Every structure is written in structure tokens, then in C-alpha cells.
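The values are calculated or read from the model by the stated rules, or taken from the named source; none is laboratory data. Everything numeric in this text was worked out from a predicted model, so none of it was measured. So basically every Cβ, Gly included, is an ideal-geometry build from the backbone, and we count neighbours across all protein chains shown.
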Amino acid sequence: MKKHLKHLCVVSVMSVATIMPTSVFAQASTPIACPDYKRGTTNIPGQKVGKKVGKALEAYNNDLIDEALELLYDIETSNKFDRAFTDRFIGNLLATQKGKAKKAIDYLQKAVAPNKLNDAEQVGTIKLIADLSLQEEQYDSAIKYYQQWMKVTCKEDFDVYFRMTNAYYQTQKYPEMIAPINKAIALAKKPNKTAYALKMTSYYNRKMYKETIAVQEETVRIFPDDKGQWTQLGFFYMLVEDHKKALSTFEMAYNQGYLTKAAEIKALSQLYAMNDIPLKAAEVLEKHIKSGLVKNEERMLTNVASSYQQAKEFKEAAEYYGKSAAISSDPDLYQKQGMVLYALEKYSPAIVALQKALDGGSNKKGALHIAIMQANFDKGDFKSAYKHVLEAKKDRSTARNARSWEPYIKEKAKNRGIKL
């Protein structure tokens, strides 16, 4: 942006060189296009001012910018055109210097205020003020001068509409962004991704999610090879809880190799789970934990285990509950592992896991004693079963259940000749 502005300023200054040796400024080159516009008279600096400007121009051509500016600052004028012409020249030179943009704007504004410059100079200076104002974060000023430029020229210009939209965005005037960005999109020689992003941002910041999604859907259609557009659309669908469309979008992106971040893989797994496809939820997360893309941490391992459990893949569920519990030492995870192993009728490993939950300080002691009791009972260890049913009786939450089990265990032990 700054490099572009500097080029504009230099070109503008060089236009001065074209008028100094001649007596006529070519108004035919004016960019003004309004059909009802009446062209102004052609003006050139007076002889006294012209000589001083010529010296300043010579200094500029020798890269002596400061000297050129000193010569221009000393110029005294007697008419409005000479003053405007000199101020414009000063402003253009200041704009090429680092840190002098705000001062340049002041001079350029003084130059256009009386509307005495030649048409092309007036229009070009208005545009330069707008560009410099945008650069210097004077957004309201930028909008004002861009609008003035369009009013005078009757031109439809992509860059002007785009920059106006950016100025509105920077001042959080989100509704005002839509009209100019729609114009910019329509005028663009080829689709501009940032223009669509600005339009989407206007709606998103106003919580107009339906319109936000419509813009993002259009962006995906126009830029199908941009992986970021797919994932953003998927997250927008999640925002409005359209989980079917979100899954479809993420799945298409995944199949094209576009999901390359851990957060995206987690979102895909979550969406499979939300859409009652727990096996895929587990498998996609497991795959990318193994690849290293998703961190091998307790929460992710627990999610894998939970999804496998929902899919009734109990062997894998038990494995991942165990891995998760080994990292966190969470007694609840050991309890879940124990219950899954019990469902697989692996009673001894189940008892080990459930005992770890007890030893780990679980606050569900009664339920754990009942579970261990059942596992021991099913494997025929009635002594251990009886021991745990007595412990379960001590817990108010499981006392009734334990009392109903107690005589049953005694009877089974008696029938086997086992003394409790």
C-alpha cells in the first residue's frame, strides 16, 4: 500500500514537470467522466511562482527532497490557484517521505478545498488524500474523500469500493460495508477472496449467521481448492447446529486431504458422534492420535474410548480407557474400563481395573464394591464376592442392592460347599 502511494505521489509530482516548460495543460487527459460535468478553465502557475516551483522541481529531480520542500515552503502566493498548486506540490513531496503522511494530508486538503486546481489535478489529489488517510488509519476521512472522488468522476472502481469497505470495517460500521463490497465483487476482474471475506465478516459480526453461511457457501463454490474455506464453512454450520451439513462439509474436506489441523480432526470426530456414527468418530481420532497430529492426551484417549463404547466395540474401548487412566490416574476412567471389561466377560482384568478405581480414591465406593462383587460372583469366587457385598452394605446408596445380593451369594456358596 505505502509503495503504491509513493508511486502515485511521484507520478503526480512529475506531472508538474510536464506543465512547467509549456503554457497549456492538456485537459483532454482529465479522468472526469460525469456526463453533466462542466470542465473548468485551464490554469498554470504565475511567472514568479512558476520560477520558484521550477527550482524546487530541479532539486527534486536531483533527489534533494528536503531542499525542494524548503523552496516550496518559502513561496508566497497572491491567488488561490497558485496557493493550491504549491500546496499540492508540497503534499505530494511529503507523501514520499517516511512519517510525513499526516502532514502531507494537511497540505493536500488545503490544495483541493478551494476547487481551483485543474480538473485532473483536483481529482488525482482527492484520490491521494483518500489513500493516504486509509494508510494513516484516518478511516472517516478516507471514506469521505473516496465518496467525493466517485461523485466527481462517476467512476466505478474495484479498488475504491474495496478500500471503502475496509475503512468501514476498521471503524466497525458493519452494515455500511455491504453496499461497497457488493460493488467491488461485481467489478473485480477475477474473484477476490478477501472481498468475500469482508462481506462475510460484516454479517458475522452482526450475528446474521444465515447470511454469513450463504456468503461462505458461495466462497467455497468459487474457491473449491482453498482448504480453509471448507473448514470455515463447516464450523459455521456447527455454529448454527446444522450438524448434518457440518459433517458433510468436513467429510468432503477430509476426503480431499484438506483437514490438516488437530482442531479440524477433532471437529470431524465430534460430528460423527453427533450424527450417531460413533465407530467413525473413534477411528478418525485414533488414526490421527497415532500419526501424531492429535495430541496423545487423556481427553482425546477418553473420547476414543467413549466412541468405541457407544459403537459396542468393547475391546477397543477398554484399551483406550486404560490408556487414558494410565495418564491421568482418574478413578472414574478405571471404573469405566472395568465395566467394559466386565461386559466382555473378562472378569479378572475387570476386577483389577475396578480395584484401581477404589484405590485411587473414587467417591463411588458402594457402586465399585457392587461391580467387583458381581465380577467375582460370575467367575465363581464367592468368598471375594461376599467380602465386597458386605462393604457395599455400608454405603447408603448401594445398601439395598447389597442386601438383596447377600442371601443369594450365601446360597450359591453353600451349594458349592464353600464356607464364607
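Name, by its number, the condition in (1) in a helix (DSSP H, G or I); (2) farther than 26 Å from Lys193 by Cα; (3) aliphatic (A, V, I, L, M) that does not hold for Ile143.
Looking at each condition in turn, Ile143 falls short on (2).
Hey, can you tell me all the residues within segment 187-203 that are within 14 Å of Ala214 (Cα to Cα) and charged (D, E, K, R)?
Narrowing segment 187-203 to residues within 14 Å of Ala214 (Cα to Cα): 196-203.
The one that is within 14 Å of Ala214 (Cα to Cα) and charged (D, E, K, R): Lys199.
Kindly check whether there is at least one residue in segment 248-265 that is outside the structural domain of Asp381 (by TED's automatic domain parsing) and under 30 Å from Phe377 (Cα atoms).
Here is the first cut: in segment 248-265, the ones outside the structural domain of Asp381 (by TED's automatic domain parsing) are 248-265.
Now restrict to residues that are under 30 Å from Phe377 (Cα atoms): none.
So far as segment 248-265 goes, no, none of its residues is outside the structural domain of Asp381 (by TED's automatic domain parsing) and under 30 Å from Phe377 (Cα atoms).
For every residue, the table says whether it meets (1) under 30 Å from the mean Cα position of the chain (by Cα); (2) not aromatic (Phe, Trp, Tyr).
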| site | (1), (2) |
| --- | --- |
| Tyr272 | yes, no |
| Lys280 | yes, yes |
| Glu286 | yes, yes |
| Val294 | yes, yes |
| Met300 | yes, yes |
| Gln309 | no, yes |
| Gly322 | no, yes |
| Ala326 | no, yes |
| Glu345 | no, yes |
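Could you give me the residue pairs with C-beta distances under 8 Å whose first residue belongs to segment 388-411 and is basic (Lys, Arg), whose second residue is surrounded by fewer than 15 Cβ atoms within 10 Å (Cβ to Cβ) and part of a helix (DSSP H, G or I) wherever it lies, and which are 6+ apart or on separate chains?
Going by the 8 Å Cβ cut-off, the qualifying pairs are Lys393/Ala399; Lys393/Arg403.
Which one of Lys103, Lys98 is in a loop (DSSP other than H, G, I, E, B), basic (Lys, Arg) and exposed (fewer than 15 other Cβ atoms within 10 Å of the Cβ)?
Working: Lys103 fails: in a loop (DSSP other than H, G, I, E, B).
Exactly one of Lys103, Lys98 is in a loop (DSSP other than H, G, I, E, B), basic (Lys, Arg) and exposed (fewer than 15 other Cβ atoms within 10 Å of the Cβ), namely Lys98.
Out of all the residues in segment 266-278, which are farther than 14 Å from Glu251 by Cβ, in a helix (DSSP H, G or I) and out of contact with any helix residue (DSSP H, G or I) (no Cβ under 6 Å at 6 or more places or on another chain)? Talk me through it step by step, then tell me what you get.
The initial filter retains those residues of segment 266-278 that are farther than 14 Å from Glu251 by Cβ, namely 266, 276, 278.
With the extra rule that they be in a helix (DSSP H, G or I), the set shrinks to 266, 278.
Correct list: Lys266 only.
Which one of these does Lys414 not meet: (1) modelled with pLDDT under 95; (2) surrounded by 15 or more Cβ atoms within 10 Å (Cβ to Cβ)?
Against the list (1) modelled with pLDDT under 95; (2) surrounded by 15 or more Cβ atoms within 10 Å (Cβ to Cβ), Lys414 comes up short only on (2).
Need pairs with beta-carbon distance below 6 Å; first residue touching a residue at least 12 places away in the same chain (Cβ under 8 Å) and within segment 309-331, second among the charged types (D, E, K, R); sequence gap 6+ or separate chains.
Listed pairs, sorted by first residue: Tyr321/Lys336; Ser324/Glu298; Ile327/Glu298; Ser328/Glu298.
Quick one: what pairs do we get from segment 76-102, first residue at positive phi, second part of a helix (DSSP H, G or I) and surrounded by fewer than 19 Cβ atoms within 10 Å (Cβ to Cβ), C-beta under 8 Å, 6+ apart or different chains?
none
Based on this model, can you work out whether Val11 counts as farther than 22 Å from Lys155 by Cβ and either touching a helix residue (DSSP H, G or I) at 6+ places or on another chain (Cβ under 6 Å) or at pLDDT below 85 (or both)? Let's see the steps before the verdict.
Values: farther than 22 Å from Lys155 by Cβ: no; either touching a helix residue (DSSP H, G or I) at 6+ places or on another chain (Cβ under 6 Å) or at pLDDT below 85 (or both): yes.
Criteria not met by Val11.
Tell me which residues, restricted to segment 349-390, are among the acidic types (Asp, Glu) and closer than 17 Å to Lys414 by Cβ. Quick ask: steps written out before the conclusion?
As a first pass, look at segment 349-390 and keep what is among the acidic types (Asp, Glu): 359, 378, 381.
Passing the criteria: only Asp381.
Take segment 77-96 and flag every residue that is at pLDDT below 90 and of a type outside the set (Val, Ile, Thr).
Answer for segment 77-96, where residues must be at pLDDT below 90 and of a type outside the set (Val, Ile, Thr): just Ser78.
State yes or no: is Leu69 under 21 Å from Met150 (Cβ atoms) and not acidic (Asp, Glu)?
Values: under 21 Å from Met150 (Cβ atoms): no; not acidic (Asp, Glu): yes.
So Leu69 does not fit the description; no.
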